[in-house]
Structures are given as structure tokens and as C-alpha cells.
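*Asks:* What follows is a structure written as C-alpha cells; I'll ask about it next.
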Amino acid sequence: MKIVESVQNKMFETRFPREYAVTLVFYLLALITAELLTTYVNKIWGLSAHTIILFILLVNASMVESEDFSNLLRSMMPIPIIRIVGLSIPMMQIKPLYWFPIVAIPLFAASIVIMRRQNLSLKDVGVFMGDYRDNYRVQFFIAITGFFTGIIEFFILRPDPLIAQFTPVLLIGGFIVLLLSTGLAEELLFRGILQQNTMKLIGPAWGLLYTSLIFTTMHIGWIYFADLVFVFSVAMFYGFCLIKTKSIVGITMAHGISNSMLFLVMPFVNLAYFSALTGIHF
């Protein structure tokens, strides 16, 4: 019993002034508001809200005394940048698959700047397999969960395919794009940098919860509440994997595989199944 209590206390311990919690809740609510404005009201209002959040984060990070809290605020700055870039660039003439790398480029740039500014090595952000042999096997099993999460999320969202035809060349090309643009770019920022900084400030459990809520907030645009619940569950799983393995390799692969199943594979599988049942061919 004492061992269990000790583990629980360690998971939920906090090492920062309580008033910082108010600031973190403020930014979470601000991002939720900005995403709701973008999705349900007006994209210009959403763009304005995200721009204001970015400016406040910049000023706030330069004013706080705690270096750890300042690092956390700086690691949150790429989040509104994701929306600012996505809403500012005219994408009507660009194929949907290539929206992802366009947004990922400034995301990678921001992550690299943060890593250099905070003296974070690749090992610090989890870009390695781990220190023990069994971790390779663990990372493999984490990666294959992407097949299941992608299938589940497809039946929630049912998106159109991001490739014109189900061919090996387009499938492999699309997988590489999604792996780098969503898997690596997002896991590097959200788990490798943001969650690590959050856990350092407020402890593993609260850091995991807060990062997962922030990650879920950025999926409000998909509209479906069921998807938000699903994304939050997956984010908690990915964050827990990071805590246990100290690596983002497996969850990066899982994220890339999941989006590939969601956007590249399942739309064609679903169409083929429908055609077999109805005799209608597309």
C-alpha cells in the first residue's frame, strides 16, 4: 500500500507555484475558444484569436521568473502558429495531401529553434530507441497500434481519400508525407518538447493530462465530439508511452500509420466493400 501511495504521489507531485496553474488553464481555454471561433464562427476571428494568443505567449514567456515555466510557454508558441499558417496560406489550388507538409515546415522550424534555445538534445526529446534491448520490441508494438486507431477513427470521420488512386507508388508516397508531416512533426512538438517541459514543471500525471488536452483541442475542427474523445484517449496513450519508454519513435510511427489508414487506405477499402455489397462501382 505504501509503495502504491508513493508512486501516486510521485505521479501527481507539483513543483511550481499554484498561480501558474491559472495561467496554464487560461491558455487551454484561450486555445479552445480560438478553435471554436475558427470552426463555428469565422476563420478571420479564429486567425485573430490565435495571433493574440501567440503574442501573449511571447510576452508572458519573457516576463516570468521561472526558467522552466518560460520554457513551457515558449514550447506552446508553435501551437497557434499551426493555425496561423494554415489559415493564412491560400490552399484552394493545393491538393489536400500537401497541406500537411506546408504546415509542418514552420512546425519543424519552430521545434528546432526551441530545442536549440533550451539546449535539448535528440535524446532529450525522445528521438532514439531507448537504452535497453527490449525497447525495440516495445516500440514495434506501439507502432502497430496505428493500424487499429486509424481504422477506428475512419469510422468516426469517414474522410475522403487524400490520393487519387490506390496504387503502391501513391500509397508509399502518401505514407511518407503523413509520417513526417503529422507523425514526426506533431510528436516532436507535443510529446517530445511540450509534454517533457510540462512534466518537468507540474509532474508526470498532470503534464500528461494537460498536453493531451492541448493536443485534443487542436482537433476541434473535425467537429465530431466522438472524435475528440477518441483523440484524447490516443493522446493519453501516446503520452504514457513516452513516460514509460522515454522515446517518441514508436508513437511517431503509430501516428503516421494511423493517419495513413485514416486518409489513404480505409477510404478505398470502404468503397470496395460498398461496391461488393451493392454492385455499384466507383
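*Asks:* With respect to residue 183, is the statement that it is surrounded by 21 or more Cβ atoms within 10 Å (Cβ to Cβ), within 30 Å of residue 66 (Cα to Cα), modelled with pLDDT of 95 or more and under 15 Å from the mean Cα position of the chain (by Cα) true?
*Replies:* Details: surrounded by 21 or more Cβ atoms within 10 Å (Cβ to Cβ): yes; within 30 Å of residue 66 (Cα to Cα): no; modelled with pLDDT of 95 or more: yes; under 15 Å from the mean Cα position of the chain (by Cα): yes.
Taking the combined requirement at face value, the residue does not satisfy it.
*Asks:* Here are 154, 147: which of them is farther than 23 Å from residue 78 by Cα, of a type in the set (Phe, Trp, Tyr), surrounded by 19 or more Cβ atoms within 10 Å (Cβ to Cβ) and touching a helix residue (DSSP H, G or I) at 6+ places or on another chain (Cβ under 8 Å)?
*Replies:* 154
*Asks:* Same structure, new question: Go through segment 160-192 and give me each residue that's in contact with a Leu (Cβ under 7 Å, 6 or more places away or on another chain) and part of a helix (DSSP H, G or I).
*Replies:* 171, 174, 175, 177, 185, 189, 191
*Asks:* Right, next: Give the residues of segment 208-241 that are modelled with pLDDT under 95, part of a helix (DSSP H, G or I) and either among the aromatic types (Phe, Trp, Tyr) or buried (at least 24 other Cβ atoms within 10 Å of the Cβ) (or both), sorted by residue number.
*Replies:* Matches in segment 208-241: 222, 225.
Yes/no matrix, rows are residues, columns are (1) touching a residue at least 12 places away in the same chain (Cβ under 8 Å); (2) on the phi > 0 side of the Ramachandran plot; (3) surrounded by 15 or more Cβ atoms within 10 Å (Cβ to Cβ); (4) polar (S, T, N, Q):
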residue: 98; (1), (2), (3), (4): yes, no, no, no
residue: 110; (1), (2), (3), (4): yes, no, yes, no
residue: 121; (1), (2), (3), (4): no, no, no, yes
residue: 127; (1), (2), (3), (4): yes, no, yes, no
residue: 163; (1), (2), (3), (4): yes, no, yes, no
residue: 192; (1), (2), (3), (4): yes, no, yes, no
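*Asks:* Taking the options 86, 46, name whichever one is farther than 13 Å from residue 189 by Cα, within 16 Å of the chain's Cα centre (by Cα) and not hydrophobic (A, V, I, L, M, F, W, C).
*Replies:* Working: 46 fails: within 16 Å of the chain's Cα centre (by Cα).
Every option except 86 fails the conditions.
*Asks:* Before we move on, is residue 229 within 30 Å of residue 168 (Cα to Cα) and either β-branched (Val, Ile, Thr) or touching a Lys or Arg at 6+ places or on another chain (Cβ under 6 Å) (or both)?
*Replies:* Details: within 30 Å of residue 168 (Cα to Cα): no; either β-branched (Val, Ile, Thr) or touching a Lys or Arg at 6+ places or on another chain (Cβ under 6 Å) (or both): yes.
No.
*Asks:* Quick one: which of 202, 176 is touching a Lys or Arg at 6+ places or on another chain (Cβ under 9 Å) and either in contact (Cβ under 8 Å) with a residue 24 or more places away in the chain or more than 22 Å from residue 119 (Cβ to Cβ) (or both)? Give the steps one after another, and end with the answer.
*Replies:* On the way: 176 fails: touching a Lys or Arg at 6+ places or on another chain (Cβ under 9 Å).
Just a single option satisfies the conditions, and that option is 202.
The values are calculated or read from the model by the stated rules, or taken from the named source; none is laboratory data. Nothing here was measured: the structure is a model prediction, and the numbers come from that model. Don't worry about glycine lacking a Cβ; one is built from the backbone with ideal geometry, like all the others, and counts go over all protein chains shown.
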